[in-house]
1. Assuming R0 = 30 Å, can you tell me the calculated FRET efficiency for the pair THR98 and GLU210, based on Cβ-Cβ distance, to the nearest 0.05?
2. Fully extended, how many nm does the chain gain between GLU264 and MET222 (0.36 nm per residue separation, minus their Cα-Cα distance)?
3. With a cut-off of 8 Å between alpha carbons and a minimum separation of six or more residues, what is the relative contact order of the chain in percent?
4. Select from ALA228, THR21, ILE398 the residue farthest towards the positive end of the dipole of the chain; place +1 on Cβ of Lys and Arg, -1 on Cβ of Asp and Glu, and compute about the Cα centre.
5. Arrange THR281, THR348 by Cβ neighbour counts within 10 Å, fewest through most, would you?
6. Please give the length that would be gained between ASP257 and ARG14 if that part of the chain were fully extended, namely 0.36 nm times their separation in residues minus their C-alpha to C-alpha distance (nm, one decimal).
7. For the chain, what is one quarter of the convex hull surface built on the Cα atoms, given in nm²?
8. Identify, among PRO316, ALA280, SER292, the residue whose Cα sits farthest towards the positive end of the charge dipole of the stretch 259-355, taking +1 on the Cβ of Lys and Arg and -1 on the Cβ of Asp and Glu, with the dipole about the Cα centre.
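Derivation of every value follows stated rules applied to the coordinates shown; laboratory data play no part. Quick caveat: nothing in here was measured; it's all calculated off a predicted structure. Positions of Cβ are generated from backbone atoms using ideal geometry, with glycine treated the same way; all protein chains shown enter the neighbour counts.
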Amino acid sequence: MSAPPGVLPAAGYRLGPLYLTLPLANAAVFFLWMGVGAFVLPVHVQRITGMNDVAALGLANSIGPLMATIANPIFGQISDRTRSRFGRRSPWILGCVTAGIIALLVQANAAGVLMLGLSWAVVQMIMNDYQAAVTAILPDRVPPHRYGTFSGLVGLAVPIATVAGSLMFIGFPQLAAGGAYYVVMVVLAVAALLIVFATPDRSSLEMPREPFDLGEFMRAFMRPLRSADFRWAFVGRFGIMLGYMVIFTFNLFLLEDYIKIPREEVIAKMGILSLIGQVATLAAVLVIGPLSDRVGRFKLFALISGVASAVTLAIPLVMPTFEGMLVYNVVHGVVFGVFMAVDLALVTKVLPNRQEVGKDMGVLNIANAGPQIAAPAVAAFVVSLGGYPALFAVGIVISLIAAFAVVKIKGVR
C-alpha cells in the first residue's frame with residue numbers, strides 16, 4: 001500500500017543508525033527534564049531562598065506548563081508543513097536546541113525565584129518544540145512491524161537519562177549547584193547533531209504545499225480528539241506519567257522531610273535510589289519492547305503497568321524508611337519500564353491521520369511532557385494540604401484512573 005498524498009513512506013529509510021540516534025535524541029531531552037527539573041532546580045531554589053521552600057519550587061515549576069504543552073502540538077503541525085531540502089523535522093531539531101541552550105544559560109545565572117521560573121518556562125517551551133519534531137520521527141520512518149522495538153528503544157530515554165544524571169550527581173554532587181546546566185547543554189547539542197547528520201531526513205521540497213489558513217490550522221488540533229481511542233490513549237498516558245512524576249520531582253524534599261535523611265547525605269542517597277530504580281526500568285524496557293512486537297499486545301502491558309503502579313505507590317506509606325524507598329524504587333522502576341516499553345507503539349497505533357503525525361504526536365506529547373512539567377506544582381499543592389502521605393495517595397488514584405483509560409482503548413490489543 002502506498003503512503004497517502006503528502007506523506008513520506010517509512011519504507012526506504014536506513015533504520016540501522018536510527019536504532020542509536022533516535023533513543024539518544026530522546027534521552028537528551030529527558031536528561032534535561034530529569035537532571036535540571038528533579039536535581040538542579042530544587043538545589044537552585046535552596047540556594048536562592050536558603051531553605052526547602054516548597055512554595056518557591058512550585059512557583060519555579062508552574063510558570064511554564066501551559067506554554068510548553070501548547071507549544072508541542074503547534075510546532076508538531078508546523079514541522080508537518082515545513083518544506084526544506086533537510087526534511088521536515090531536522091531544521092526544528094537544530095533550531096530548538098540552539099535556542100534552548102541560550103535559554104539555559106540565562107537560567108543558570110538566575111538570581112531570583114521569579115527569574116528562575118521564567119527562564120525555566122522558556123526552556124520548557126523551546127525544548128517541547130524539539131521533542132515534537134523528534135517524536136514524529138518514529139511514525140515518519142519506522143515500519144509498523146518494528147513499532148514495539150523502537151518504542152522500547154525510545155522508552156530507554158527515561159532510565160538512561162536518569163541513570164546518567166544519578167551517576168553524575170553521585171560522582172560529582174557539586175554539579176547540582178549549577179555546573180550540571182552546562183553538561184546538559186553539551187548533551188543536547190551532541191544528540192541533535194547526531195540525529196540530524198548521522199540519520200538525515202529526506203528532502204520535503206517535493207511534498208504538496210497547502211496554503212496557510214489560520215482557522216484550519218487551529219481546528220486541526222481538535223481533529224484527532226474525535227477518535228475515542230486517541231482520547232483514551234491520551235488520558236492513559238497522562239495518568240501514568242503524572243502518577244510517576246508527582247513523586248519523582250519531589251524526591252529531594254521527600255527524602256529530607258518524610259524519610260528524614262540528613263541534608264548532607266541526601267544528594268548522594270537520592271542518586272543511589274534513582275540509579276537502582278532506573279536500572280530496573282532499563283531491564284524491563286529491554287525485555288518488554290521486543291516481546292510486545294512478538295505477541296502484539298501493547299494495550300495489555302500498558303494496563304498491567306497502570307494497576308501495578310498504584311500498588312507499588314503504597315510501599316512508602318507502609319515503609320517510610322530508606323529501605324522502603326529502595327524497595328519502592330526497584331519495584332516501581334520495573335513497572336514504569338513496562339509502560340515505557342510499549343507507550344510509543346500504543347499511541348502510534350491510535351493516530352487517526354497519517355498525514356498529520358507531527359501535530360497528532362504533539363497533541364499526545366502533551367500527555368507526556370505536561371505531567372513532567374506540571375507535577376511539581378501539583379505535588380506542592382498536595383503536600384501543602386496533606387503532607388507526603390497524601391502525595392502517595394494521590395499518585396495511587398491517578399494511576400488507577402490511567403489503568404481504566406487503557407481498558408477503554410478498543411482498536412489496539
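1. In this case the efficiency is close to 0.60.
2. 10.2 nm
3. RCO, the chain: 29 percent.
4. Positive-most Cα among the choices belongs to ALA228.
5. THR348, THR281
6. Going from the current span to full extension adds 82.4 nm.
7. Its average projected convex-hull area is 18.2 nm².
8. After comparing all options, I get SER292.
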